[in-house]
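Input: a single structure, listed below in structure tokens.
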């Protein structure tokens, strides 16, 4: 009986961990075209507060070719509750993709500005994201 209880406990922990992992990896992807450049943002659909979150930015030109030589950072703000500066710099990972991490510090409506400097010109796309507890 004890062996069964241990096995059942292990199974519950395993399946709970799988469920948590699936919830965290569910991503929301949004795109905007700014000055002929498509700026895409992918981030967790149901982000957790005060937890490291991954953000992936994609950049393509008007022909759909990945932009490889941009400087990219995010500017996360909460319009209803001004907070400190949260501007993580994204690292180029290839094929027009740039990755960074940061955390949401409060539930509510957030604006995520993606700022991409391409050939000395700054391009900005703003995405809305609701974060719950």
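The values are calculated or read from the model by the stated rules, or taken from the named source; none is laboratory data. Quick caveat, the model's predicted, so the values are computed rather than measured. Cβ sites come from the backbone with ideal geometry, for glycine too, and all protein chains shown count toward neighbours.
Descriptive notes on the structure:
- Answer residue from region 19-42, given it is part of a loop (DSSP other than H, G, I, E, B) and modelled with pLDDT of 90 or more and is farthest from residue 126 (Cα to Cα) among those: 36
- Hits in region 27-44 - residues which are surrounded by 17 or more Cβ atoms within 10 Å (Cβ to Cβ) and over 10 Å from residue 58 (Cβ atoms): 37, 43, 44
- The residue that is nearest to residue 61 (Cα to Cα), among those in region 97-128 that are at pLDDT below 95 and surrounded by 18 or more Cβ atoms within 10 Å (Cβ to Cβ), is 110.
- Among the residues making up region 43-74, those that are over 21 Å from residue 120 (Cβ atoms) and in contact with a strand residue (DSSP E or B) (Cβ under 7 Å, 6 or more places away or on another chain) are 43, 44, 45, 47, 49, 52, 53, 54, 55, 56.
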